[in-house]
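Let me begin by presenting the structure, written as structure tokens, before commenting on it.
The values are calculated or read from the model by the stated rules, or taken from the named source; none is laboratory data. This structure is a prediction, so every number in the text was calculated from the model and none was measured. Virtual Cβ from ideal backbone geometry, glycine too; neighbours counted across all protein chains shown. Calculation scope for accessible area: heavy atoms of the full protein, side chains included, ligands and nucleic acids excluded. Shrake-Rupley method; radii C 1.70, N 1.55, O 1.52, S 1.80 Å.
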Amino acid sequence: MVKESTVDVILHPVRMRIIQSLINQQMTAQQLKELLPDTPQASLYRHLKKLVEAGVIHIIEEIPNRGTIEKVYSLQDPANATISVEKLNSFTKDEHMDLFFKFMANIMGEYERYLNEDKIDLARDGVSFRQTSLFLNDTEFAQFIKELSEIYTRVTQNKPEKGRRRRTVATIIIPERKHEEQ
């Protein structure tokens, strides 16, 4: 049996949802099941096991519960759930396209789950997708990324609580092809 690469482990749609759910959280499988009701319980346990074996998530506590052990999972180091720059730079064009396709498939799955809700109101719910082109020199681009990262860092620290709703925000940055004498 061929062992899955860490990239493949992370990019599986269900596992990506588990990883997202564990950002700044510690949860049991039962708590994750409540967040991922469309994932069969046996599948959830298989995906948790793969994520633990790959070192992406960790068991931080084992709680005895009615004759069984309930495990508490955590994403202790978010870097474990990312793909290193070195690894990305080693990919072929086809591997990059596969990676991008998996990313887009995950986003499409999130949107489909939203659209499957009984009542949706795109404006009230803040649904949006748009594309814009920015003209920035390297210094301006670096400043833009720095400010965007600061905002992401601040809001990803929020914990779920009454009145807060999980929202998926995806960022894709694609530079145009370099032209001579730009």
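Okay, residues lined up against (1) hydrophobic (A, V, I, L, M, F, W, C); (2) touching a helix residue (DSSP H, G or I) at 6+ places or on another chain (Cβ under 9 Å); (3) outside any strand (DSSP E or B); (4) at pLDDT below 95:
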{"site": "Val56", "(1), (2), (3), (4)": "yes, yes, yes, yes"}
{"site": "Ile63", "(1), (2), (3), (4)": "yes, no, no, yes"}
{"site": "Tyr73", "(1), (2), (3), (4)": "no, yes, no, no"}
{"site": "Ala79", "(1), (2), (3), (4)": "yes, no, yes, yes"}
{"site": "Ile83", "(1), (2), (3), (4)": "yes, yes, yes, yes"}
{"site": "Leu88", "(1), (2), (3), (4)": "yes, yes, yes, yes"}
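Scanning segment 79-111 for residues that are under 16 Å from Ile18 (Cβ atoms) and open to solvent by 80 Å² or more (accessible area, probe 1.4 Å) returns a single hit, Thr82.
In segment 29-49, the residues that are closer than 19 Å to Thr68 by Cα and in contact (Cβ under 8 Å) with a residue 40 or more places away in the chain reach residues that are surrounded by fewer than 16 Cβ atoms within 10 Å (Cβ to Cβ) and among the charged types (D, E, K, R) with C-beta atoms within less than 9 angstrom, at least six apart or across chains, in these pairs: Ala29/Glu70; Gln30/Glu70. Pro37 meets the conditions (1) open to solvent by 50 Å² or more (accessible area, probe 1.4 Å); (2) modelled with pLDDT of 95 or more in every case but one. The failed one is (2). Would you confirm whether or not segment 158-178 contains a residue that is assigned to a helix (DSSP H, G or I), out of contact with any Phe, Trp or Tyr (no Cβ under 7 Å at 6 or more places or on another chain) and open to solvent by less than 90 Å² (accessible area, probe 1.4 Å)? No. One residue is enough: does segment 151-170 have a residue meeting the conditions closer than 25 Å to Met97 by Cβ and free of Cβ contacts under 8 Å to residues at least 60 places away in the same chain? Taking every residue of segment 151-170 in turn, at least one turns out to be closer than 25 Å to Met97 by Cβ and free of Cβ contacts under 8 Å to residues at least 60 places away in the same chain. Looking for whichever is touching a residue at least 40 places away in the same chain (Cβ under 8 Å) and of a type in the set (Val, Ile, Thr) here; the options are Val7, Val14. Which one fits? Of Val7, Val14, the one residue that is touching a residue at least 40 places away in the same chain (Cβ under 8 Å) and of a type in the set (Val, Ile, Thr) is Val7. Being within 21 Å of the chain's Cα centre (by Cα) and among the hydroxyl-bearing types (Ser, Thr, Tyr) is the filter here, so list the residues in segment 97-150 that pass it. Within segment 97-150, Tyr111, Tyr114, Ser128, Ser149 qualify.
Might you let me know whether segment 50-60 holds any residue that is open to solvent by 20 Å² or more (accessible area, probe 1.4 Å), under 25 Å from Met108 (Cβ atoms) and either out of contact with any strand residue (DSSP E or B) (no Cβ under 6 Å at 6 or more places or on another chain) or of a type in the set (Asp, Glu) (or both)? Yes, some residue in segment 50-60 is open to solvent by 20 Å² or more (accessible area, probe 1.4 Å), under 25 Å from Met108 (Cβ atoms) and either out of contact with any strand residue (DSSP E or B) (no Cβ under 6 Å at 6 or more places or on another chain) or of a type in the set (Asp, Glu) (or both).
Would you check if there is a residue in segment 136-150 being in a loop (DSSP other than H, G, I, E, B), basic (Lys, Arg) and open to solvent by 100 Å² or more (accessible area, probe 1.4 Å)? Within segment 136-150, none of the residues are in a loop (DSSP other than H, G, I, E, B), basic (Lys, Arg) and open to solvent by 100 Å² or more (accessible area, probe 1.4 Å).
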